[in-house]
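Have a look at the structure below before the remarks.
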Amino acid sequence: MKKVNRRWKRIKSRLVYQNPWIKLWEDKVIRPDGKEGIYGYLEKPTGVFVIAYSEKNKSIFLLRQSRYPIQKTVFELPAGVTGSGEILSEAKRELKEETGLEAKKWVNLGSFFVAPGHETTKAEVFLASQLYKNKVLVENQEGDEAIQKIIEVKVKDLHKIIQQGKIKCGITLASLILFLTKPKSTQDSKIR
């Protein structure tokens, strides 16, 4: 079979819109079929997503959070975007801010692009374990966050709630796949 080199070529970029969180670009391009066209996409910083795992309870923590763009409440992992700081430090900060929890052990489970057809966002997924703090609080959230509740979910129940469609956030679902399929060397052998 002949290998076909079908790639996009950028001719010119134009910044259409910008705020502190996103940039919207429109590029003049040569499409893979050789024709000129335009391509619009979002540029966003890397996001950190934290799976806070309790060895004692064999459970993880999810946030029930109201999301403005879809006008719905969804279950998500503790998360945030990176600033200029180091990715692990940002993950630690987000876990503490959103749940009141901290962790002694951190493992990077991997990364993925969130929606590479229309945005640049990369997700870095961390497993936080050996958790400490007696009380999980929603009062720690920033003013633009709408965390309504922090729930603890047994790992053995994750497959069931995913199959029932209770988790609608794609990034959370992809992160949970990394968690549920990771090598045993990065986890307590009794997680599954």
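The values are calculated or read from the model by the stated rules, or taken from the named source; none is laboratory data. Quick caveat: nothing in here was measured; it's all calculated off a predicted structure. Glycine gets a Cβ as well: all are built from the backbone with ideal geometry, and neighbour counts include every protein chain shown.
Which members of region 82-108 meet the condition of being touching a Ser or Thr at 6+ places or on another chain (Cβ under 7 Å) and closer than 24 Å to ILE151 by Cα?
The initial filter retains those residues of region 82-108 that are touching a Ser or Thr at 6+ places or on another chain (Cβ under 7 Å), namely 82, 87, 90, 103, 105, 107.
Those that are touching a Ser or Thr at 6+ places or on another chain (Cβ under 7 Å) and closer than 24 Å to ILE151 by Cα: GLU90, ALA103, LYS105, VAL107.
Of ARG14, ARG31, ARG6, which residue is at pLDDT below 95, basic (Lys, Arg) and at negative phi?
On the way: ARG14 fails: at pLDDT below 95; ARG31 fails: at pLDDT below 95.
Exactly one residue qualifies, and that residue is ARG6.
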Open item on the list: over 17 Å from the mean Cα position of the chain (by Cα) and in contact (Cβ under 8 Å) with a residue 24 or more places away in the chain: which single residue out of ARG6, ARG67, ARG31 fits that description?
Closed with: ARG6
Open item on the list: Under 6 Å between Cβ atoms, which residue pairs at least 6 apart in sequence (or on different chains) link something in region 154-172 that is assigned by TED's automatic domain parsing to the domain that holds GLU76 with a partner that is part of a loop (DSSP other than H, G, I, E, B) and modelled with pLDDT under 95?
Closed with: VAL155/ILE191
- [ ] Return only the number of the condition from (1) modelled with pLDDT of 95 or more; (2) at positive phi that VAL153 does not satisfy.
- [x] (2)
Task: Residue pairs meeting the criteria (Cβ under 6 Å; at least 6 apart or on separate chains; first at negative phi, in region 89-106; second assigned to a helix (DSSP H, G or I)) - done: LEU101/LEU95; GLU102/LYS96
Task: Residues within region 39-76 that are exposed (fewer than 15 other Cβ atoms within 10 Å of the Cβ) and within 30 Å of SER13 (Cα to Cα), tallied - done: 5
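Quick one: how many residues across region 15-66 are over 23 Å from LYS104 (Cβ atoms) and assigned to a strand (DSSP E or B)? Steps first, answer last, please.
Step one: filter region 15-66 for residues over 23 Å from LYS104 (Cβ atoms), giving 15-47, 64-66.
Remaining after also requiring assigned to a strand (DSSP E or B): 15-18, 23-30, 36-43, 47, 64-66.
Final tally of qualifying residues: 24.
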Open item on the list: If I ask for residues that are over 15 Å from GLY100 (Cβ atoms) and either of a type in the set (A, V, I, L, M, F, W, C) or free of Cβ contacts under 8 Å to residues at least 24 places away in the same chain (or both), which ones from region 50-59 would you list?
Closed with: ILE51, LYS56
Open item on the list: If I go through region 117-150 residue by residue, how many of them are basic (Lys, Arg) and either modelled with pLDDT of 95 or more or under 12 Å from TYR53 (Cα atoms) (or both)?
Closed with: 1
Task: Among (1) touching a Phe, Trp or Tyr at 6+ places or on another chain (Cβ under 9 Å); (2) part of a loop (DSSP other than H, G, I, E, B); (3) farther than 19 Å from GLU55 by Cα; (4) modelled with pLDDT under 95, the one test that GLU94 misses - done: (2)
- [ ] Assess whether SER54 counts as being in the same structural domain as ILE147 (by TED's automatic domain parsing) and over 18 Å from the mean Cα position of the chain (by Cα).
- [x] yes
